[in-house]
Every structure is written in structure tokens, then in C-alpha cells.
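First up is the structure itself, then whatever we jot down about it.
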Amino acid sequence: MSFYDGCRNDLNLSVIAGPCVFESKQHALDMAGALSEICKDLNVNYIYKTSFDKAIRTSITSYRGAGFDEAFYAMIAVQEVIDVEVLTDVHESWHCGTVPADILQIPAFLCRQTDLLASAAASGKPVNVKKGQFLSPREMVNIVHKLESTGCTKVMMTERGTTFGYNDLVVDMRSLAIMRGNTSMNYPVIMDCTHAVQSPGGNGISSGGNREMVPIIARAATAVGIAGVFMEVHQDPDNAPCDGPNMLHLANFKSVLEQLLEIDYVVKAHMPSRGE
């Protein structure tokens, strides 16, 4: 069964996790292997996440990744060696038919780019759209309709917080329930627990964040009753080239996930089945 097929609002919690940006093939294999092993031990539906290019950065000098070619072959290596599916961001239409990822992710800042959405839909792959920091959850139905109108029947919607003044985000947990009921097809709803604790452009040069808040956001979101959580995870976040302040430490991943699974079990045991 594919990750998408096992990721539903009425099924056990699924997990999207991995480092913010592609650093090297070996790093990708190490992280995917460690995260996959933890999820297998806990019987969790899992997909490896990394960005081959962090094109939307605060500064021109910010690290964007080790390059498309290296990331291309590293994604294939993760799929073949670790035997786990891969999710990655796409920023331009030509990416959609080129990257070997199993699920394409539309970044929050690009969620209304019609041509990008149409190209992602045309790939035939599931598409995970992050809700823009500037959108209400009800507006996500328009984005879903764009994807559906171009042939996409496998959509995921991800909450990542809403702009709150300058250099801050706030998460309204009602957003998850609203998106869950946004369409008649009951698409999976995901909570991005790590980008939600960002301080966008915090020092004017790069974004800050507070990873101590990640488990809190994750527990609250899981209590709503959603398909899964998205967490950027790194073995040394303090020295990571991108988004270090808001990434969860690999050493803490299992304990956080165990807590989430307990909450998810209780919540979904008392939820009416939403599956078709």
C-alpha cells in the first residue's frame, strides 16, 4: 500500500518527516533509515521528506541545497535502499514531471500558482498543498478545485500556521477541522508542526523558530483527529544548514511520536468513521 492510500483522516496517524533540505546522499540515507526504522517499530505509515531546493529563502546567501542532480539520485537511493517513499517540494512547473518523488508538495507561498498546481496534477502523483500563511482554511477549497479540474484525485492539505503580526505565526486548530470538511472527498489533512513554530525572517536575514513548541503543536493537532503530522527532523539541528531552530532533534522523534500515537488512538476510537 502506498503512503497516500494509508493516509486518511479516519486511519491511524501517518507521518511525513525528514530534514528541511537535501544535504548529501549519505545524509539522506542515514536520516531516512533512522526515521523509517522508528516508524516501522511503531507500525506507523511513513514517508521521507526533504527539499531538493529551498528556493523560497529570506536571503540570497541562504543555503538552498546540494544541487538538483545529486538530490535526484539520492531520492532514488532512498526509495530503493531504504524502501521508503519520498515527498519533496516543487517550485516550477518543469519540476513536477522531472523529480522522482512519490508525492509532490506545493510550498505555502506558491499555493495559488495555477500553472504549478496544474503541472503537479498532470504528473499523476498525489499532491500535498501547504495552506498559505495568508489564507483562511475555507479558501483551500479553491485550490483543491484547481487540482481536481486538471485531473488530480489524490490531494493532501497541510496547515502550517497563519501570519500573526511581524515575524510570527499562530495556529488555529479550528483550521484542521474546517479543511477536513472542506470537500466532499474528505482529503487527508496534515499538520506541519515544525514550520508552525517558525519566526519568519526573524532577524531580517534568516528565519528563527522555537523547536520546544513542536511537541505542543503536534499534540494539539493530533487531538483534532487528522490524517497525519509533518515534522522536519535532523540529527544535529543546531548546525543544520536550513531551518535548524524549528527542526525536531532526531533523538526526540520517537518519544514525541509515541505520545502522538496515544492521543490519536483515543481520539479516533471515539470519532465516527469518515472513510468511504
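The values are calculated or read from the model by the stated rules, or taken from the named source; none is laboratory data. No experiment lies behind these values; they were computed from the predicted model shown. Glycine gets a Cβ as well: all are built from the backbone with ideal geometry, and neighbour counts include every protein chain shown. Note: areas computed on protein heavy atoms with side chains; ligands, DNA, RNA excluded. Shrake-Rupley method; radii C 1.70, N 1.55, O 1.52, S 1.80 Å.
Tabulated results
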quantity: Unique residue being in contact with a Cys (Cβ under 6 Å, 6 or more places away or on another chain), β-branched (Val, Ile, Thr) and at negative phi when the list is VAL99, VAL129, VAL141; calculated: VAL129
quantity: Residues being in contact with a Ser or Thr (Cβ under 9 Å, 6 or more places away or on another chain) and either open to solvent by less than 10 Å² (accessible area, probe 1.4 Å) or closer than 15 Å to ASP102 by Cα (or both) - total across region 5-16; calculated: 4
quantity: Hits in region 124-159 (condition: open to solvent by 40 Å² or more (accessible area, probe 1.4 Å) and among the small types (Gly, Ala, Ser)); calculated: GLY124, SER136, SER149, GLY151
quantity: One residue from LYS125, LYS131, LYS54 being at pLDDT below 95 and under 17 Å from the mean Cα position of the chain (by Cα); calculated: LYS54
quantity: Subset tally (residues that are within 18 Å of VAL86 (Cα to Cα) and either more than 13 Å from the chain's Cα centre (by Cα) or free of Cβ contacts under 8 Å to residues at least 24 places away in the same chain (or both)) for region 223-249; calculated: 1
quantity: Selection count where residues are within 19 Å of PRO126 (Cβ to Cβ), surrounded by 16 or more Cβ atoms within 10 Å (Cβ to Cβ) and polar (S, T, N, Q), scope region 172-190; calculated: 2
quantity: Checking THR98 against (1) assigned to a helix (DSSP H, G or I); (2) among the polar types (S, T, N, Q); (3) farther than 24 Å from THR183 by Cβ, the condition it does not meet; calculated: (1)
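Table: residues versus (1) over 16 Å from ASN182 (Cβ atoms); (2) among the polar types (S, T, N, Q); (3) in contact with a Pro (Cβ under 9 Å, 6 or more places away or on another chain).
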{"site": "ASN128", "(1), (2), (3)": "no, yes, yes"}
{"site": "GLU139", "(1), (2), (3)": "no, no, no"}
{"site": "LYS146", "(1), (2), (3)": "no, no, no"}
{"site": "SER149", "(1), (2), (3)": "no, yes, no"}
{"site": "THR163", "(1), (2), (3)": "yes, yes, yes"}
{"site": "ASP168", "(1), (2), (3)": "yes, no, yes"}
